[in-house]
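The values are calculated or read from the model by the stated rules, or taken from the named source; none is laboratory data. Keep in mind it's a predicted model, so treat the numbers as computed, not measured. As a convention, Cβ positions derive from the backbone with ideal geometry for all residues, glycine included, and neighbour counts pool all protein chains shown.
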Amino acid sequence: QRKIEEAVKTAKEDIERQAKAKELFLEGYTNHSSNEYDKAIQAYQKAIEINPQYDKAYYNMGNAYRELKEDDKAIEAYQKAIEINPQYDKAYYNMGNAYRELKEDDKAIEAYQKAIEINPKYYNAYYGIGYTYSELEKYDKAIEAYQKAIEINPQNDGAYYNIGYTYYILNNYEESIKYFRKVIEINPQNDGAYYNIGYTYYILNNYEESIKYFRKVIEINPQNDGAYTNIFALQLTLNQPFELEDNYLNLFKENKETLICYDMLKILQSIVNEENVNIDDWKEKYADNKLNLTFDIYFTWISNMQDSPIKMKLSEVIEGFKNHNKD
């Protein structure tokens with residue numbers, strides 16, 4: 001009888017401990033959801049003190065450390081979760097992400113591959129492998145991994161996007177456009193895919209198509225100042241009036257980081273229209289701002305002009321703009 005009573009008492013105490021551990025785990029989860037990561041970690045640690053086999057508490061603690069950019073500690077937590085539960089595919093996957101942040105790429109790929117061994121349908125792990133290979137500039141392997149992710153999840157627009165970007169890096173522009181279009185097919189609101197198609201058409205000297213896609217970027221995201229200034233630059237080289245100019249100024253009239261480019265384009269437009277310009281005023285206004293753009297389009301534009309005073313003036317002024325960041 002006494003042994004039975006002791007067993008019942010032990011079982012009751014164990015149930016109470018497990019309930020308290022779960023209560024602390026949920027407290028940690030609530031803090032985690034509120035972005036209070038330090039408090040979340042403290043709660044997870046208390047849950048683990050009560051139940052040292054609490055693999056989910058170790059896993060969530062790893063996620064909280066990752067939010068705090070403490071990837072070394074995150075890896076330790078994921079490893080503890082895996083010691084308790086060797087089939088914890090999510091722990092391997094997030095450990096791979098942590099290793100990738102630390103630039104320990106071989107360990108990252110190894111962790112992703114382990115997640116796939118446990119769960120062959122883990123398309124995010126293939127995505128992680130692709131991303132890591134891209135950072136290593138092993139582009140063929142990156143594309144292969146992204147393709148695997150797509151085979152498992154054909155709606156994975158992120159994998160299509162990264163394949164498109166990889167082909168862009170490889171100067172395979174037709175394939176790049178094809179994959180960015182697939183992104184748009186899956187997610188019509190992906191302004192980044194429209195932007196990249198627009199920029200790729202610019203590289204291919206198809207300026208009208210480029211403008212069309214940059215317009216679409218603005219429809220989706222009116223705050224994308226780069227799409228506006230790209231349109232203005234292309235219209236300048238096509239001798240067209242600046243479209244959407246009023247909209248742009250209403251949105252960005254106080255933003256010198258983007259106005260520096262717009263005002264530069266207006267000066268070039270004035271030169272084409274044979275109006276007087278003063279680049280010194282522009283230099284003074286933007287003395288503390290960087291001009292972040294490539295000048296290839298402008299040099300190509302003026303190289304195709306017939307010799308004239310306008311061409312000479314444009315060449316001189318563009319060279320001045322190019323040297324702005326060096327002054």
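Considered as a group, the residues in region 144-164 that are touching a residue at least 12 places away in the same chain (Cβ under 8 Å) and not in a helix (DSSP H, G or I) include one that is surrounded by the fewest Cβ atoms within 10 Å (Cβ to Cβ), and that residue is GLN155. Taking each residue of region 239-251 that is touching a residue at least 12 places away in the same chain (Cβ under 8 Å) and looking for partners that are basic (Lys, Arg) and surrounded by 14 or more Cβ atoms within 10 Å (Cβ to Cβ) with beta-carbon atoms closer than 9 Å, six or more apart or interchain, yields PHE242/LYS266; GLU243/ARG215; LEU244/ARG215. The requirement of being modelled with pLDDT under 95 and among the basic types (Lys, Arg) is fulfilled somewhere in region 19-38, by at least one residue.
Taking the conditions (1) more than 22 Å from ILE203 (Cβ to Cβ); (2) within 35 Å of the chain's Cα centre (by Cα); (3) part of a loop (DSSP other than H, G, I, E, B) in turn, LEU293 satisfies each one other than (1).
Out of LYS107, LYS39, one residue alone is in a helix (DSSP H, G or I), free of Cβ contacts under 8 Å to residues at least 12 places away in the same chain and more than 29 Å from LYS138 (Cα to Cα). It is LYS39. What do you reckon, is SER270 of a type in the set (Ser, Thr, Tyr), out of contact with any Phe, Trp or Tyr (no Cβ under 6 Å at 6 or more places or on another chain) and farther than 30 Å from GLU219 by Cα? When the stated conditions are applied, SER270 does not pass them.
Across region 252-264, not a single residue is classified as surrounded by fewer than 20 Cβ atoms within 10 Å (Cβ to Cβ), modelled with pLDDT of 95 or more and more than 26 Å from ASN323 (Cα to Cα).
Among residues of region 301-322 that are over 14 Å from ASN276 (Cα atoms), those with a beta-carbon under 7 Å from a residue that is small (Gly, Ala, Ser) at least six positions away or on a different chain give the pairs ILE302/SER315.
Within region 239-248, identify whether any single residue is under 17 Å from HIS324 (Cβ atoms) and either hydrophobic (A, V, I, L, M, F, W, C) or not in a loop (DSSP other than H, G, I, E, B) (or both), and answer yes or no.
Of the residues in region 239-248, the ones under 17 Å from HIS324 (Cβ atoms) are none.
Within region 239-248 (the criterion being under 17 Å from HIS324 (Cβ atoms) and either hydrophobic (A, V, I, L, M, F, W, C) or not in a loop (DSSP other than H, G, I, E, B) (or both)), the answer is no, since none of the residues qualifies.
Residue-wise test of (1) more than 17 Å from the chain's Cα centre (by Cα); (2) among the small types (Gly, Ala, Ser).
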{"position": "TYR160", "(1), (2)": "no, no"}
{"position": "TYR165", "(1), (2)": "no, no"}
{"position": "GLU175", "(1), (2)": "yes, no"}
{"position": "PRO188", "(1), (2)": "yes, no"}
{"position": "GLY192", "(1), (2)": "no, yes"}
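Looking across ALA125, ALA98, ALA91, one residue alone is among the hydrophobic types (A, V, I, L, M, F, W, C), under 20 Å from the mean Cα position of the chain (by Cα), more than 17 Å from LYS141 (Cα to Cα) and in a helix (DSSP H, G or I). It is ALA98.
Residues of region 117-143 being closer than 25 Å to ASP55 by Cβ and in contact (Cβ under 8 Å) with a residue 12 or more places away in the chain, which ones? Walk me through it before giving the result.
Going residue by residue through region 117-143, those that are closer than 25 Å to ASP55 by Cβ are 117-129.
Across region 117-143, the qualifying residues are ILE118, ASN119, LYS121, TYR122, TYR123, ASN124, ALA125, TYR126, TYR127, GLY128, ILE129.
Could you please find all residues in region 280-290 being surrounded by fewer than 16 Cβ atoms within 10 Å (Cβ to Cβ) and part of a helix (DSSP H, G or I)? I'd like the intermediate steps shown before the answer.
First, pick out the residues of region 280-290 that are surrounded by fewer than 16 Cβ atoms within 10 Å (Cβ to Cβ): 280-281, 283-285, 287-290.
Passing the criteria: ASP280, ASP281, LYS283, GLU284, LYS285.
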